[in-house]
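The structure appears below as structure tokens.
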Amino acid sequence: MTAAPELSEARLAQAETIDALSTYQFGWSDSDAAGATAKRGLDEDVVRGISHLKDEPEWMLERRLKALKLFERQPLPTWGADLSEIDFDNIKYFVRSTEQKVTSWEDLPDDIKYTYDRIGIPEAEKQQMIAGVSAQYESEVVYNSIREDLAQQGVVFLDTDSGLKEYPDLFEEYFGSVIPAGDNKFSALNTAVWSGGSFVYVPKGVHVKIPLQAYFRINTENMGQFERTLIIVDEDAYVHYVEGCTAPVYRSDSLHSAVVEIIVKKGGRCRYTTIQNWSTNVYNLVTKRTKAEEGATMEWVDGNIGAKVTMKYPSVWMMGEHAKGSVLSVAFAGKGQHQDTGSKMLHLAPHTSSEIISKSISREGGRSSYRGLVQVNPGAHHSRSTVKCDALLVDTKSRSDTYPYVDIREDDVTMGHEATVSKISDDQLFYLMSRGLTEEEAMAMIVRGFIEPIAKELPMEYALELNRLIEMQMEGAVG
Amino acid sequence: MAKLEISDLHVSVITDDTSKEILRGVNLTIDAGETHAIMGPNGSGKSTLAYSLAGHPKYRVTSGTVLLDGTDVLSMTVDQRARAGLFLAMQYPVEIPGVTTSNFLRTAATAVRGQAPGVRQWLKEVKDEMESLQMDPDFAQRSVNEGFSGGEKKRHEILQMSLLKPKIAILDETDSGLDIDALRIVSEGVNRYKADSAAAGEAVGVLLITHYTRILRYIQPDFVHVFVAGQVAESGGSELAEELEADGYVRFTGQAVPA
């Protein structure tokens, strides 16, 4: 660059200012009366206490206690992101923020209402852009509503605690049937201390045309949020579930460890969209898996923008013929962030097909990893799978890795894999800047273009939100 | 009225760890409304001049000055130069995957004009210009330069010029790779912008870089400069172009240039 030295310095100072301004937008915290008194650390008493408070059936308590043992026995996974700094004894495993769940917005306590007002939920609900809302604050769902016409068609959208009370049979049959407690250390932890989350049931043939929406908010420092979501899509039914997540910026870390189990029955279809925007002191360790029966379709759309560490590999087990699974994943790793994301696709029946499209952006020393498994079991003939992962490095100090695992035990399959790593080129920046865009605007435009194939799959308002988050992340990108 | 003054400009090109001087003291003044053609053999530094004026980071100015209406251009960033009224139509425009041409054009216009153009007015503006350049309306929804043919890329560059309305337009081998029809359409686009900008009282100054005299039949230059070894070797009127057409660059280089 031919810029005179004094000008470069001025630009540097400007970039620092922008960096300081571009603090995490959802980083405020409310009063912490409930969180302050919560017990730290995990033992059998904590688990019994949670179950007792919720007045659960005996079998659930037994599940929890068994899961606690599994959690204690399993070592921390070392194959992915660095988890060694998680201090399990310092975490508050259950924080009750309100006495009672409400169904009218006005009945929420002022500080919680204020938080959700700022995130924009009541607006979305008012404008009928969503079919139902669930808002989880700390450990429990504080607000839940569903449109009356859907309720009349038999669609159930409840917090998981209420779901267990009202539909005990479905829970006995399906809870833990897709992701057993012992699946991994964090599914064991979740099973032991789970609280909140969503329970969705869509009856046969019912199409829920606009999305169901859930918002998750952590307010307490060192809080652990362990929501548990169970979605059952009956034959030929359809639902789109969307979740968003935020937390304040604290000095020490919080933990979010959810389990999401989905069952899509014959001919049904489910789309599950996540825009994860935790603050960058949250460990986000989530297990998400779907069992797709004959002719069923499962689509995960997974955006990971926030969190300190994310380990998440939304999976589809294609159990019946002609089942389909797809994952569209976009990850943004900024300073101090490690996004270890990907997918697992298990072909367990003939004529099944899967597609994984993963896009990652790394900047300012951030690290993104694609980790994926495609497994085709014996007998799953005529299966096909496509994997495409693209990584974009914004600077030279950031990092991207790809770990694609393929395990094919059947001859007659079609498998495609493509991976690219690209850098924002000087020539692209020059071209856009020569048309008047600042370096920052030019970078943001290139990044937006890079994730466009995924943004276009999102509902309009989420695509805008994703673009806005990416732009915020890109602010101060020029130093 | 706009004036671009290039004085004793020395520029080196930076590769991994070497630096090589390409421009060796360029002097050139372009006034509003004037069209200057720069002609020269391959490797004479014509494109280096174009990229240096626009501020490409690969080129380092080692001495000399460039002033636009008396303001130092060389201390400006690339985008500041664009907003000050400099435009470079590139020989090899790059692809920006996933960004639609319409979004790109509007973002650029907003940046250069300092405010977003009104939607209805803007759509009409783009539509009219695209029609004049005989561009398919679908074009606006395609990713910037992705999968464009050579001719489409050059039309797209001229479209940008007419929408961004620069004071000084540098056209870097805009004629290369064009067939006769495309050359005529692109040239007409340049002439139209020259006339429109003059009518608006902001007559554009054009620096037209080319190998061939062919484009000069469509775009009438006021001055022709022969560029050799990083300098202007000789300046004249359009008769100089005719001489080059007949005799080649041999008088300036001392050797015949391969056809």
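Taken together, the values in this text are just the output of simple stated rules run on the coordinates, not laboratory data. Just so it is clear, the model here is predicted, and its values are computed rather than measured. Here the Cβ is made from the backbone with ideal geometry for all residues, glycine too, and neighbour counts use every protein chain on show.
Among A:Ile50, B:Ile158, A:Ile408, A:Ile361, rank each residue by its count of other Cβ atoms within 10 Å, from fewest to most, as a rough exposure measure.
On the way: A:Ile50 21, B:Ile158 25, A:Ile408 16, A:Ile361 28.
Fewest-to-most Cβ neighbours within 10 Å comes out as A:Ile408, A:Ile50, B:Ile158, A:Ile361.
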| Considering amide H positions built from the backbone, and no H for Pro or chain starts, which residues 5 or more places from B:Val224, or on another chain, come under 5 Å of its amide H? | B:Ala37, B:Gly236, B:Gly237
| So which aspartates and glutamates pass the test for B:Lys153, namely a Cα distance under 17 Å, with those fewer than 8 places away in the same chain ruled out? | A:Asp427, B:Glu95, B:Glu129, B:Glu131, B:Asp136, B:Asp138, B:Asp172, B:Glu173, B:Asp175, B:Asp179, B:Asp181, B:Glu188
| Per-residue mean of C-beta atoms belonging to partner chains within 10 Å, peptide B:45-56 | 2
| field | Dipole magnitude of chain A about its Cα centre (Cβ charges: Lys, Arg +1; Asp, Glu -1), debye to nearest 20 | value | 760
| Taking the Cα centre of each part, how many Å lie between the range B:17-45 and the range A:40-107? | 71
| field | Protection proxy ranking of A:451-459, B:164-172 - average other beta-carbon atoms within 10 Å, highest first | value | B:164-172, A:451-459
| task | Please arrange A:Val327, A:Val233 by counting, for each residue, the other beta carbons lying within 10 Å of its beta carbon, fewest first. | result | A:Val327, A:Val233
| message | Sequence gap at least 6, Cα distance under 8 Å: using those rules, report the relative contact order of chain B to the nearest whole percent. | response | 27
| query | What is the set of long-range amide H partners of B:Ile170 at a cut-off below 5 Å, with H atoms built 1.01 Å from backbone N? | reply | B:Phe87, B:Leu88, B:Ala89, B:Leu207
| message | Pick from B:Ala241, B:Ala200, B:Ala233 the residue whose mean-square fluctuation is largest in a GNM of chain B, springs joining Cα atoms under 10 Å. | response | B:Ala200
| field | Spatial separation of Cα centroids for the range B:190-259 and the range A:419-472, in angstrom | value | 38
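Rg to Rh for the range A:340-414: what is it, with Cα atoms only and Rh by Kirkwood? Spell out each step's value before the answer.
On the way: Rg = 14.9 Å, Rh = 13.3 Å.
Rounded to two decimals, Rg/Rh equals 1.12.
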| query | Averaged over A:437-448, how many beta carbons belonging to a partner chain fall within 10 Å of each residue's beta carbon? | reply | 4
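Go ahead and estimate [θ] at 222 nm for chain A from helices alone: -39,500 (n - 2.57) per DSSP H run with n ≥ 4, summed, over the residue count, rounded to 500.
Theoretical 222 nm ellipticity from helices: -8000 deg cm²/dmol.
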| task | Indicate the gyration tensor shape class of the range A:243-289 (rounded, prolate or oblate), computed on the Cα atoms with a ≥ b ≥ c the square roots of the eigenvalues: a/c under 1.5 is rounded; otherwise a/b larger than b/c is prolate and the rest oblate. | result | prolate
| remark: Once amide hydrogens are built 1.01 Å from N within the peptide plane, the residues lying 5 or more places from A:Gly372 or on another chain with amide H under 5 Å from its amide H are A:Ser343, A:Tyr403, A:Tyr405
| query | For the range B:1-150, what class follows from the C-alpha gyration tensor (a ≥ b ≥ c being the square roots of its eigenvalues): rounded when a/c is under 1.5, otherwise prolate if a/b is larger than b/c, else oblate? | reply | prolate
| query | Relative to the longest principal Cα axis of chain B, at what angle does helix B:101-113 sit, 0 to 90 degrees, rounded to 10? | reply | 70
| said: Return the Rg/Rh ratio of the range B:169-221 with Cα-based radii and a Kirkwood Rh. | reply: 0.97
| note | A student applying the Cα gyration tensor rule (rounded when a/c is under 1.5; otherwise prolate if a/b is larger than b/c, oblate if not) would label the range A:135-245 oblate
| said: What lysines does B:Lys20 reach when the alpha-carbon gap must be under 20 Å and sequence neighbours fewer than 8 apart in one chain are set aside? | reply: B:Lys46, B:Lys58
| remark: The ³J(HN,Hα) series, computed from each phi in the range B:195-205 with the Karplus coefficients 6.51, -1.76 and 1.60 at θ = phi - 60°, rounded to the nearest Hz and given as x for glycine or proline, is 5, 4, 5, 5, 4, 7, x, 10, 3, 6, x
| query | How many partner chain Cβ atoms sit within 10 Å of a residue's Cβ in peptide A:422-431, on average, as a whole number? | reply | 5
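Give the Rg/Rh ratio for the range B:173-259, taking Rg as the radius of gyration of the Cα atoms and Rh as the Kirkwood radius, to two decimals.
Rounded to two decimals, Rg/Rh equals 1.01.
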| remark: In whole percent, the Cα-Cα distances of the protein assembly as shown spread across 10 Å bins from 0 upward as 3, 13, 20, 20, 15, 12, 10, 5, 2, 0, 0
| remark: Inter-part gap, Cα centre of the range A:373-412 to Cα centre of the range A:229-299, in whole angstrom, is 21
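Would you mind ranking B:Arg81, A:Arg271 by Cβ crowding within 10 Å, fewest neighbours first?
Numbers: B:Arg81 24, A:Arg271 20.
Ordered by Cβ neighbours within 10 Å, fewest first: A:Arg271, B:Arg81.
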| Sorted largest first, extent of the range A:239-381 alpha carbons per principal axis (Å) | 50, 26, 18
| query | Peptides A:217-230, B:112-125, B:88-101: what's the order by average Cβ count within 10 Å, highest mean first? | reply | A:217-230, B:88-101, B:112-125
| Using the Kirkwood formula over every pair of different C-alpha atoms, what hydrodynamic radius in Å results for chain B? | 18.9
| request: Would you mind checking the pairs A:Lys312/A:Lys423; A:Lys324/A:Lys344; A:Lys312/A:Lys388; A:Lys101/A:Lys165; A:Lys165/A:Lys266 and listing those with alpha carbons more than 23 angstrom apart? | output: A:Lys312/A:Lys423; A:Lys165/A:Lys266
